[in-house]
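The structure appears below as structure tokens.
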Amino acid sequence: MLAIGEFSRLTHLSVRTLRRYHDAGLLEPATVDPASGYRYYSAEQIPTAQVIHRLRELDVPLPDVQRILRSPDPRTRAGLVADHLRRLESELDRTRGAVASLRRLLRPEPAPLDVELRAVPATTVAAVEDDVAHEEVLGWYAGAMAELDAVVREPTGPPGGLYDNALFEEGRGRLLVYRPTAEPPRSGRVHPVTLPSVELAVTTHAGEHDDIDVTYGELGTWVVGNALAVAGPVRETYLVGPRDTPDPAAWRTEIGWPVFRMAPR
């Protein structure tokens with residue numbers, strides 16, 4: 001039997017942590033002296049302690065650690081660990097996006113925004129549309145665009161999307177993605193839609209979408225000072241994206257903010 005201090009040195013888990021794991025039922029001592037209350041561990045518990053140590057280094061919650069340790073099926077254990085790793089990767093992506101946005105916001109002299117006022121005529125396109133929750137946009141977009149790619153054989157321009165204001169303001173709104181084509185088909189969710197004519201203040205976002213919110217903010221600021229914004233969905237046009245090149249630095253997304261021009265520019 002190993003005293004708790006010896007077990008601590010062998011496993012690199014502090015005495016305080018071992019006591020907490022005991023109280024949580026995660027790693028109970030092999031025996032506890034009924035008179036003194038001293039905890040004693042066996043050498044056979046060292047591998048279990050090491051596994052717990054590794055899992056906690058990955059920030060696996062204690063209830064999940066318990067499920068992993070109590071599962072006799074290696075595949076189930078691996079699945080639980082893989083689920084947590086995916087959560088960590090998602091959090092890391094969000095952190096990277098936030099860092100990219102902050103770096104742009106903290107630039108002492110942001111580059112001037114290149115904005116074009118553009119009149120866009122009515123156009124009939126092949127589209128998929130639905131009411132979508134903000135947190136589901138990426139998954140929904142991927143599925144909708146895959147359907148469009150499968151049935152639109154001869155696109156006449158880059159794909160795009162229309163995003164209702166409610167999507168940003170209320171967390172749920174109308175989302176429409178489309179591909180221009182001479183003869184829009186009907187297949188599954190894909191159907192012809194005529195996009196109305198509109199006047200837009202247009203700028204281009206370069207790179208990944210981690211910090212596209214900063215470009216939106218810069219464009220919105222420009223619109224407030226230079227045009228009359230009108231209600232209507234924001235338009236995005238994906239000039240260059242993952243389907244065109246695996247290099248994120250080469251991606252280009254046009255953002256079109258609906259406006260009402262008071263004078264020619």
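Quick look at the numbers
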read-out	value
Residue that is surrounded by the most Cβ atoms within 10 Å (Cβ to Cβ) [pool: residues in the range 158-177 that are small (Gly, Ala, Ser) and modelled with pLDDT under 95]	GLY173
Count of residues meeting criterion [in contact with a Phe, Trp or Tyr (Cβ under 9 Å, 6 or more places away or on another chain) and closer than 27 Å to SER90 by Cβ] in the range 207-238	7
Test set (1) closer than 21 Å to VAL128 by Cα; (2) touching a helix residue (DSSP H, G or I) at 6+ places or on another chain (Cβ under 7 Å) - VAL214 fails condition number	(1)
Inter-residue pairs, beta-carbon under 8 Å, first touching a residue at least 60 places away in the same chain (Cβ under 8 Å) and of a type in the set (Val, Ile, Thr) and in the range 170-190, second assigned to a strand (DSSP E or B) and surrounded by 18 or more Cβ atoms within 10 Å (Cβ to Cβ), 6+ apart	VAL190/ALA126; VAL190/ALA127; VAL190/VAL128
Residue in the range 192-207 that is touching a helix residue (DSSP H, G or I) at 6+ places or on another chain (Cβ under 7 Å), surrounded by 13 or more Cβ atoms within 10 Å (Cβ to Cβ) and under 17 Å from GLU129 (Cα atoms) present	no
Unique match (being at pLDDT 95 or above and more than 16 Å from GLU236 (Cβ to Cβ)) among PRO185, PRO180	PRO185
Residue under evaluation LEU138, criteria (1) over 30 Å from ASN226 (Cα atoms); (2) under 27 Å from the mean Cα position of the chain (by Cα); (3) surrounded by 13 or more Cβ atoms within 10 Å (Cβ to Cβ), criterion not met	(3)
Residue match in the range 177-185 (condition: touching a Leu at 6+ places or on another chain (Cβ under 8 Å), basic (Lys, Arg) and in the same structural domain as ASN226 (by TED's automatic domain parsing))	yes
Flag for ALA98 being under 30 Å from VAL223 (Cα atoms), in a helix (DSSP H, G or I) and small (Gly, Ala, Ser)	yes
Conditions (1) within 22 Å of the chain's Cα centre (by Cα); (2) closer than 20 Å to VAL128 by Cβ: number failed by ARG252	(2)
Any hit, the range 239-246, residues being farther than 16 Å from ALA144 by Cα, in contact (Cβ under 8 Å) with a residue 40 or more places away in the chain and surrounded by 19 or more Cβ atoms within 10 Å (Cβ to Cβ)	no
Candidates THR203, THR245, THR215, THR221, filtered to the one that is assigned by TED's automatic domain parsing to the domain that holds VAL137, part of a strand (DSSP E or B) and not small (Gly, Ala, Ser)	THR203
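The values are calculated or read from the model by the stated rules, or taken from the named source; none is laboratory data. Here the structure is a predicted model, which means the values were calculated and not measured. Ideal geometry is used to build each Cβ from the backbone, glycine not excepted, and the neighbour counts take in all protein chains shown.
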